[in-house]
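Working notes for the structure below.
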Amino acid sequence: MARRTNPVQGSLLTTLVLGLLVLIMLTLISIPGIRRMRANDARQSCLENLALITAARERYAVDYDLRGGATVPLALLIKEGKLLKTEPVCPSGGKYSVNPLGVAPTCSYKDHVLPIVKPAAKSAQ
């Protein structure tokens, strides 16, 4: 009795193995992009928190007629939930420093720095 071999059987297994290898390679290629995306999202969230702290600090300074260089503790900005509802938390684990008026608040985590915004130049009229 001659044994019949089916050429389709062998190619099915080869196709499945190749498909699995392609899937594994695509997953390995995408991992650094996912990590970079998470780091960018955490940085953006931290910068938003720093902007909120800046706005709350400036509002507090206007309400209590504080001048440049005055310090405002974070606890006062959170008090009674008027300016900040809760204490902001850096998603990467950094600690916030409110800093005196005129100096931007900072985060202790690397690369979490508010960009410097220059005031618009007055146009000559």
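Quickly run through segment 53-91 and pick out the residues that are hydrophobic (A, V, I, L, M, F, W, C) and assigned to a loop (DSSP other than H, G, I, E, B).
The first filter runs over segment 53-91 and keeps only residues hydrophobic (A, V, I, L, M, F, W, C), leaving 53, 55-56, 61-62, 66, 70, 72, 74-78, 83-84, 89-90.
Once the filter is applied, which keeps residues that are hydrophobic (A, V, I, L, M, F, W, C) and assigned to a loop (DSSP other than H, G, I, E, B), segment 53-91 yields L66, A70, V72, L83, L84, V89, C90.
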Checklist line | Qualifying residue in segment 26-36 (condition: among the basic types (K, R), in contact with a His (Cβ under 8 Å, 6 or more places away or on another chain) and part of a helix (DSSP H, G or I)) | finding: no
Item checked: Near pairs, Cβ below 9 angstrom, 6+ apart or cross-chain, from segment 71-98 (at negative phi) to any residue that is of a type in the set (G, A, S) and assigned to a loop (DSSP other than H, G, I, E, B) -> C90/S108; G94/S108; K95/S108; Y96/S108; S97/S108
Next item on the list: Kindly list the number of the only condition in (1) on the phi < 0 side of the Ramachandran plot; (2) touching a residue at least 60 places away in the same chain (Cβ under 8 Å); (3) among the charged types (D, E, K, R) that fails for D111.
Entry: (1)
Check: Just for segment 94-112: of the residues that are out of contact with any Ser or Thr (no Cβ under 8 Å at 6 or more places or on another chain) and closer than 18 Å to R59 by Cα, which one is modelled with the highest pLDDT?
Finding: V103
Item checked: Extreme residue, farthest from the chain's Cα centre (by Cα), among residues of segment 67-118 that are of a type in the set (G, A, S) and surrounded by 16 or more Cβ atoms within 10 Å (Cβ to Cβ) -> A104
Note to self: Would you confirm, using the coordinates I've provided, whether T5 is among the hydroxyl-bearing types (S, T, Y), exposed (fewer than 10 other Cβ atoms within 10 Å of the Cβ) and modelled with pLDDT under 95?
What the structure shows: yes
Note to self: Name the residue that is farthest from I116 (Cα to Cα), counting only residues in segment 41-76 that are touching an Asp or Glu at 6+ places or on another chain (Cβ under 9 Å) and of a type in the set (A, V, I, L, M).
What the structure shows: A75
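The values are calculated or read from the model by the stated rules, or taken from the named source; none is laboratory data. Remember, predicted model here, so these are calculated numbers, not experimental data. Positions of Cβ are generated from backbone atoms using ideal geometry, with glycine treated the same way; all protein chains shown enter the neighbour counts.
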